[in-house]
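Scroll down for the structure; my scribbles are underneath it.
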2 protein chains.
Amino acid sequence: MRTELCDRFGVEHPIVGFTPSEHVAAAISRAGGLGVLGCVRYNDAADLEAALSWMDANTDGRPYGVDVVMPSTVPTEGTQLDLSEFIPAEHRAFVERTLADLGVPPLPDDERAGGGVLGWLHSVARSHVDVALKHPVRLIANALGSPPPDVIEQARACGVPVAALAGTAEHARRHVAKGVDVVVAQGYEAGGHTGEIASMVLLPEVVDAVGERVPVLAAGGIGSGRQIAAALALGAQGVWMGSAWLTTAEYTQGLAASATQQALLAATSADTVRSRIYSGKPARLLKTRWTQAWAAPDAPEPLPMPLQNILVSEAHERIQRSADPEVVAMPVGQIVGRLNEVRPVAEVVADLLAEFDRTLDRLHALR
Amino acid sequence: MRTELCDRFGVEHPIVGFTPSEHVAAAISRAGGLGVLGCVRYNDAADLEAALSWMDANTDGRPYGVDVVMPSTVPTEGTQLDLSEFIPAEHRAFVERTLADLGVPPLPDDERAGGGVLGWLHSVARSHVDVALKHPVRLIANALGSPPPDVIEQARACGVPVAALAGTAEHARRHVAKGVDVVVAQGYEAGGHTGEIASMVLLPEVVDAVGERVPVLAAGGIGSGRQIAAALALGAQGVWMGSAWLTTAEYTQGLAASATQQALLAATSADTVRSRIYSGKPARLLKTRWTQAWAAPDAPEPLPMPLQNILVSEAHERIQRSADPEVVAMPVGQIVGRLNEVRPVAEVVADLLAEFDRTLDRLHALR
């Protein structure tokens with residue numbers, strides 16, 4: 001399985017793996033794909049610097065990339081304290097009541113809340129880009145559409161291509177007009193922020209819109225070799241996979257996620273929900289007692305981005321610490337139904353390649 | 001493109017085409033696919049008898065099938081008048097007010113309402129099966145899951161296989177356990193009644209669940225040769241296409257649908273909505289001023305099946321007569337974005353086959 005993307009990024013297989021874990025990202029790169037480290041959780045640039053230095057030492061010289069969360073237009077930034085004033089008391093009360101109902105304990109007295117995820121703040125995302133460009137990264141992906149023009153310029157000056165997610169063909173056209181080098185077509189079935197058009201329809205539309213100018217990666221619903229073959233049939237140059245790595249053995253190195261993994265292993269493809277409760281924009285999450293509480297008739301409407309994430313960030317921390325598989329706040333795609341055992345990244349990649357080959361044999365025999 | 005399905009149904013291409021138009025169904029069969037005539041609109045068995053006799057005379061001896069809408073369990077049936085008593089006055093008032101707001105005129109004084117679509121009534125659906133089995137039909141598909149056991153028996157006694165739609169792998173397992181011969185995996189992106197799992201994820205799940213016992217057809221998001229190749233890569237034995245035929249030249253023969261076609265030709269893949277307003281169960285429809293009115297904050301919750309269809313059936317008739325492309329009540333899938341010109345069925349099929357071949361060539365070159 002070789003496409004032009006392989007030459008462009010110097011990878012063996014056109015499989016791009018997004019993950020918040022540097023252990024997983026490095027393993028994906030070592031397995032011949034392009035590991036892409038999600039930076040949004042690094043509030044402190046020094047921590048990202050350390051993670052990327054670790055990647056440099058643990059990727060056997062293979063290429064890797066990073067993913068930031070950066071709006072195209074620079075928002076008016078306040079400190080978290082400023083923004084907090086816009087959160088209605090009703091919403092805070094609902095979160096507290098729900099956590100109590102679900103048996104999620106408060107944080108220990110000696111630990112104050114971590115301050116939430118700040119990576120969506122423009123200044124923090126810029127620090128991620130600055131840090132990343134000091135390392136041999138081969139791709140900067142932005143999870144929120146086109147990055148600002150000067151960031152694209154900054155990356156280009158370092159010879160690093162920029163990718164952006166698109167949920168419609170029109171998004172994709174705008175990204176390319178702004179100078180984006182790679183478009184990730186993110187279908188409805190994907191985990192995290194996602195639109196309403198499913199991959200089967202979205203992907204060929206995006207390819208027809210921009211595929212002659214830039215490579216298109218398929219995101220959403222990809223977790224097997226058959227799905228990679230389908231994505232390439234639809235015109236993608238490669239795949240962007242996120243959810244599939246959440247149940248790899250490497251994922252729990254450095255991240256306490258075993259309750260989350262238990263929940264993911266048990267879930268079927270029907271056990272996700274697309275909701276604004278994670279960030280304020282529609283994102284697909286694992287359906288758990290936490291998401292169900294927000295779907296109840298007495299629940300308030302989620303707040304707009306970035307207020308919703310500020311509202312729930314301490315709740316996410318408490319939920320994570322409480323380690324209850326029934327109460328999890330986790331973005332994941334519908335492919336979660338196929339995640340049924342914990343396996344090393346290398347084994348996942350080997351299976352993808354083998355099934356892809358069998359699929360092409362099967363298709364070839366139809367002629 | 002030949003799969004086992006071709007031998008099973010005696011067709012040249014594994015393309016099953018669902019349509020409410022006998023002209024389209026016959027043209028699909030003549031083009032080497034399996035045309036499947038939707039029966040739900042035939043309130044009178046004699047009309048269906050006439051349509052199938054016409055098909056017998058116009059399919060050049062090629063195979064065709066029918067599609068009925070039949071719940072697995074026999075509901076308590078009343079006449080439409082009985083059921084009407086359960087429709088709240090608030091709902092009736094909303095429909096009247098909305099039609100007035102949208103400029104949809106009442107029916108002419110000399111025409112009373114047609115009585116709505118009765119095909120979802122068990123007795124009427126059974127009459128469809130009885131009529132169909134007197135013709136050389138090669139498939140009876142049921143748009144509402146498994147048909148009742150005795151209907152499966154009745155079809156089997158005539159040597160006619162039965163197909164059922166499945167929105168989850170569990171649906172598919174139940175269908176096969178009840179004796180269904182062909183499973184149609186209907187993804188989220190499909191038009192009409194549909195679930196929440198997108199084709200990219202649903203299809204391989206259904207194939208893994210039942211594919212060794214029965215052929216699986218891919219429905220939802222199929223409108224090009226690339227999408228057929230993707231569906232076969234995912235393990236389908238063939239495709240089930242519905243929306244793609246709505247803009248064929250043959251579709252307007254015998255059905256006044258030009259305003260609907262205009263609306264479909266103009267729509268993008270983002271211009272559909274999944275809603276309960278058509279029948280009471282979630283169904284994907286073209287997004288128009290009619291569906292938007294039901295999404296407004298002052299709109300009532302749609303009623304359960306079958307009450308919702310009784311509530312809106314006269315409205316559908318009025319909307320159809322008013323022929324305003326901005327006010328249309330039409331089930332269609334996200335593939336509507338690819339329907340941009342009116343073409344004969346034979347040309348649509350020829351393009352599907354040619355693009356499928358080019359796609360396989362492209363995939364082959366990746367090895």
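What to note about this one:
- Checked against (1) open to solvent by 40 Å² or more (accessible area, probe 1.4 Å); (2) modelled with pLDDT of 95 or more; (3) within 13 Å of B:Leu246 (Cα to Cα), B:Leu339 meets all criteria but (1).
- Meets criteria (of a type outside the set (Lys, Arg) and under 30 Å from A:Arg362 (Cα atoms)) for B:Gly280: no
- Residue in the stretch A:7-24 that is assigned to a helix (DSSP H, G or I), open to solvent by less than 10 Å² (accessible area, probe 1.4 Å), over 24 Å from A:Gly191 (Cβ atoms) and within 14 Å of chain B (Cβ to nearest Cβ) present: no
- Qualifying residue in the stretch B:249-261 (condition: more than 8 Å from chain A (Cβ to nearest Cβ), within 22 Å of B:Ala166 (Cα to Cα) and not in a helix (DSSP H, G or I)): no
- Subset tally (residues that are within 21 Å of A:Leu285 (Cα to Cα) and surrounded by fewer than 24 Cβ atoms within 10 Å (Cβ to Cβ)) for the stretch B:195-208: 2
- Scanning the stretch B:207-236 for residues that are assigned to a strand (DSSP E or B) and either touching a helix residue (DSSP H, G or I) at 6+ places or on another chain (Cβ under 7 Å) or within 7 Å of chain A (Cβ to nearest Cβ) (or both) turns up B:Val216, B:Ala218.
- For B:Ile197: the one exception among (1) over 24 Å from B:Thr3 (Cα atoms); (2) in contact with a Pro (Cβ under 9 Å, 6 or more places away or on another chain); (3) modelled with pLDDT of 95 or more: (2)
- The number of residues in the stretch A:237-248 that are away from chain B (no Cβ under 12 Å) and in a loop (DSSP other than H, G, I, E, B) comes to 3.
- Unmet requirement for B:Ala270, which otherwise passes all of (1) in a loop (DSSP other than H, G, I, E, B); (2) under 14 Å from the mean Cα position of the chain (by Cα); (3) within 29 Å of A:His171 (Cα to Cα): (2)
- Those residues of the stretch B:55-74 which are surrounded by 16 or more Cβ atoms within 10 Å (Cβ to Cβ) and either under 25 Å from B:Pro306 (Cα atoms) or hydrophobic (A, V, I, L, M, F, W, C) (or both), in sequence order: B:Met55, B:Val66, B:Asp67, B:Val68, B:Val69, B:Met70, B:Pro71, B:Ser72
- Candidates in the stretch B:155-169 are the residues that are open to solvent by 60 Å² or more (accessible area, probe 1.4 Å) and assigned to a helix (DSSP H, G or I); of these, the one that is nearest to B:Pro282 (Cα to Cα) is B:Arg156.
Residues are listed down the side, and each one gets a yes or a no for (1) within 12 Å of another protein chain (Cβ to nearest Cβ); (2) hydroxyl-bearing (Ser, Thr, Tyr):
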site: A:Leu307; (1), (2): no, no
site: A:Ile310; (1), (2): no, no
site: A:Ser313; (1), (2): no, yes
site: A:Val327; (1), (2): no, no
site: A:Met330; (1), (2): no, no
site: A:Gln334; (1), (2): yes, no
site: A:Pro344; (1), (2): no, no
site: A:Ala350; (1), (2): no, no
site: A:Phe356; (1), (2): yes, no
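- Of the residues making up the stretch A:29-48, not a single one is open to solvent by 10 Å² or more (accessible area, probe 1.4 Å), in contact (Cβ under 8 Å) with a residue 60 or more places away in the chain and in a strand (DSSP E or B).
- Subset of the stretch B:293-323 [open to solvent by less than 30 Å² (accessible area, probe 1.4 Å) and touching a strand residue (DSSP E or B) at 6+ places or on another chain (Cβ under 8 Å)]: B:Trp294, B:Pro302
- Condition broken by B:Gly280, with the remaining ones in (1) away from chain A (no Cβ under 14 Å); (2) touching a helix residue (DSSP H, G or I) at 6+ places or on another chain (Cβ under 7 Å); (3) at negative phi satisfied: (3)
- Qualifying positions in the stretch B:228-250 - touching a residue at least 40 places away in the same chain (Cβ under 8 Å) and not small (Gly, Ala, Ser): B:Ile228, B:Leu232, B:Gln237, B:Val239, B:Trp240, B:Met241, B:Trp245, B:Leu246, B:Thr247, B:Thr248, B:Glu250
- Looking across the stretch B:121-146 at every residue that is in a helix (DSSP H, G or I) and either within 14 Å of B:His175 (Cβ to Cβ) or of a type in the set (S, T, N, Q) (or both), the one that is most open to solvent (accessible area, probe 1.4 Å) is identified as B:Ser123.
- Enumeration of residues in the stretch B:166-187 that are within 13 Å of another protein chain (Cβ to nearest Cβ) and β-branched (Val, Ile, Thr): B:Thr168
- When the stretch A:188-206 is filtered for residues that are among the hydroxyl-bearing types (Ser, Thr, Tyr) and either more than 9 Å from chain B (Cβ to nearest Cβ) or touching a residue at least 40 places away in the same chain (Cβ under 8 Å) (or both), the ones remaining, listed by number, are A:Tyr188, A:Thr194.
- Scanning the stretch A:241-292 for residues that are within 21 Å of A:Leu99 (Cα to Cα) and open to solvent by 20 Å² or more (accessible area, probe 1.4 Å) gives A:Ala256, A:Ser258, A:Gln262, A:Asp271, A:Val273, A:Arg274, A:Ser275, A:Arg276, A:Tyr278, A:Lys287, A:Arg289, A:Gln292.
- Taken as a whole, the condition of being in contact (Cβ under 8 Å) with a residue 24 or more places away in the chain and not hydrophobic (A, V, I, L, M, F, W, C) applies to B:Arg358.
- Residue count, the stretch A:170-190 (criterion: surrounded by fewer than 24 Cβ atoms within 10 Å (Cβ to Cβ) and not in a loop (DSSP other than H, G, I, E, B)): 6
- Test result for A:Leu202, of a type in the set (A, V, I, L, M), within 19 Å of the chain's Cα centre (by Cα) and under 18 Å from B:Ala190 (Cβ atoms): yes
The values are calculated or read from the model by the stated rules, or taken from the named source; none is laboratory data. This structure is a prediction, so every number in the text was calculated from the model and none was measured. Every residue, glycine among them, receives a Cβ derived from its backbone with ideal geometry; neighbour counts consider all protein chains shown. Ligands, DNA and RNA are excluded from the accessible area calculation, which covers all protein heavy atoms including side chains. Shrake-Rupley method; radii C 1.70, N 1.55, O 1.52, S 1.80 Å.
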